[in-house]
Structures are given as C-alpha cells and as structure tokens.
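The values are calculated or read from the model by the stated rules, or taken from the named source; none is laboratory data. Treat the numbers as computed from the prediction; the structure is a model and nothing was measured. With ideal geometry, Cβ positions are generated from the backbone for all residues, glycine too; neighbour counts draw on all protein chains shown.
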Amino acid sequence: MRFDVLTLFPEMINEACSHSIMKRALDSDVIEVNAITPRDYTLDKHKKVDDTPYGGGAGMVLMAQPYVDAYESIEKQDNSITLMMTPQGETFDNNMGRKLAKYDQIIILCGHYEGFDERIRDIIQPKEVSIGDFVLTGGELPALCVIDSVSRKLDGTLGKQESMEYDSFEDGLLEYPQYTKPREYRGLEVPEVLLNGNHALINEYRKEQQLIRTKQRRPDLYEKYIKDTKD
Ligand code: ADE
C-alpha cells in the first residue's frame, strides 16, 4: 500500500510514521509513505500557497495551482483513491478503513489553518473524509489517523502478538478488559476465570464482557450487533 500525502508540513507525516508499528510496516515494505508539499509546486518566487478569499472574510484560502500541480505530479496506480481530510467529509470509521485497505494507493490531501479553493475539489474530485465533529488546525493528524488505522489492517503490519482480530470494532463489539501480572494490585484481583487455563471458559467470559461493555458504552453498536447476529 502506498500513501501519497499532500501537505504543507511533510515532516509531521514522516516523523509520525517513524516509530513503533508504523516504522516496522515501512521497513518491511508493507506500506510506503510519500509526503509531497505543494510549496514545491508554486510558480512564484515567494512560494506562496495561500491567498485572501474572494468576497472577503477571515483567514486565507489554499490556492488551487500548487495543490493541483502537486497532485498531478503523483504517479497514479490503477487501484487508487484520493481523499481530502476535512471536517465536512464522511466520518471515518473501521468500516471505511476496511474498504480503504483494499486499495493499492491512497492519496491524501491535507489543508492547514485554512480552507481549500473550491476548484481543488472540482478538479481532483476527492472523497472527503472527517475524523469527527471537531475542527483541528490541519489535515495532517486526521491523515495520520487514516494511515495508521488502514495500515493495521494490511497483512504483515501486525505481528502475531498484536493480532487485530480482537481489536474493538473488528467483530462489531468493543474490546474485553485485559490484565497482566501481578495477580493482585492494590487489592484488585485478576478475575479467577483468566487464571485456570480453560480456554472455552475464558472465551465465554471475554465475549460476555464485550457484550456488557458495548451495551453500557455504545448502545448504538450493541443494537446493531444484536440485529446483525439475529439475521
Ligand atoms: N481538518 C480539520 N479538522 C478535521 C477533522 N475533524 N477531520 C478531518 N480533517 C480535518
């Protein structure tokens, strides 16, 4: 999977991908991350990427030319999708991540501080994606959320130890509670069932915990799960 990220802050993308599981996915060529800055595609000597809005109003607007030229410089693969990170987009979730993981290339446009000139949308026609109903200073963190979450789903990213099978949402439920050593901490004991080595019982306990948690914390997911498992 190749991620091409258009951003005014390429170091934010490169830095965040250079640790832990993301670094390992890069080192083992499961993913490739290429940050491109529209600033390198400006035609004026001041490398201007934004300007004041026509019609007036606060803030600056990202200019179409540097973004479109930077976008057009990217070599497109056959099985490719282009996203634009914006609070106006469809909300990202695990299902969207699963669909995105089927592509060979994801191109991501990030804004920063300001909006995009509408002609960037007209020409590139990206799928607009939000990570939630709040506004961040730029699209880099949202882009990284998508890159991280999609990368987890690719064969070879997670080791056996980190299997995604039990991740929250993978089976439509939240994760069950986990414990590690010691058996007792500040008077709090690890549930007995986890200590007896009976895997059928352990699985039953964990499933029950998933259902309790999901019902309490995310009744919407719980209802959907019950409906889907009935069908
Ligand atoms: N850019 C700024 N805020 C955002 C959000 N919530 N989702 C995606 N991109 C954004």
**OP:** List every residue pair whose Cβ atoms lie under 8 Å apart, where the two residues are 6 or more positions apart in sequence or sit on different chains, the first residue falls within region 213-228 and is surrounded by fewer than 14 Cβ atoms within 10 Å (Cβ to Cβ), and the second residue, located anywhere, is part of a helix (DSSP H, G or I) and modelled with pLDDT under 95.
**Re:** none
**OP:** Among the numbered conditions (1) closer than 24 Å to Glu32 by Cβ; (2) touching a helix residue (DSSP H, G or I) at 6+ places or on another chain (Cβ under 9 Å); (3) near the ligand (Cβ under 10 Å from one of its atoms), tell me where Cys145 comes up short.
**Re:** (2)
Original post:
Only one residue in Thr157, Thr214 is modelled with pLDDT under 95, among the β-branched types (Val, Ile, Thr) and more than 16 Å from the ligand (Cβ to nearest atom), so which one is that?
Top reply: Thr157
**OP:** Output the residue which, of all residues in region 116-129 that are surrounded by fewer than 19 Cβ atoms within 10 Å (Cβ to Cβ) and acidic (Asp, Glu), is farthest from the ligand (Cβ to nearest atom).
**Re:** Asp122
Subject >> Search result, residues across region 1-40 that are touching a helix residue (DSSP H, G or I) at 6+ places or on another chain (Cβ under 8 Å) and part of a helix (DSSP H, G or I) >> reply: Met12, Ile13, Ala16, Ile21, Met22, Ala25, Pro38, Arg39, Asp40
Subject >> Close pairs from region 116-131: first in contact (Cβ under 8 Å) with a residue 40 or more places away in the chain, partner of a type in the set (Lys, Arg) and surrounded by fewer than 20 Cβ atoms within 10 Å (Cβ to Cβ), Cβ under 8 Å, at least 6 apart >> reply: Glu128/Arg121
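Here's the yes/no breakdown for (1) within 16 Å of the ligand (Cβ to nearest atom); (2) surrounded by 14 or more Cβ atoms within 10 Å (Cβ to Cβ); (3) modelled with pLDDT of 95 or more:
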{"residue": "Ala70", "(1), (2), (3)": "no, yes, yes"}
{"residue": "Thr82", "(1), (2), (3)": "yes, yes, yes"}
{"residue": "Met85", "(1), (2), (3)": "yes, yes, yes"}
{"residue": "Thr91", "(1), (2), (3)": "yes, no, yes"}
**OP:** Identify, from the list Gly138, Gly132, the residue that is closer than 13 Å to Pro87 by Cβ, within 16 Å of the ligand (Cβ to nearest atom), surrounded by 17 or more Cβ atoms within 10 Å (Cβ to Cβ) and assigned by TED's automatic domain parsing to the domain that holds Lys102.
**Re:** Gly138
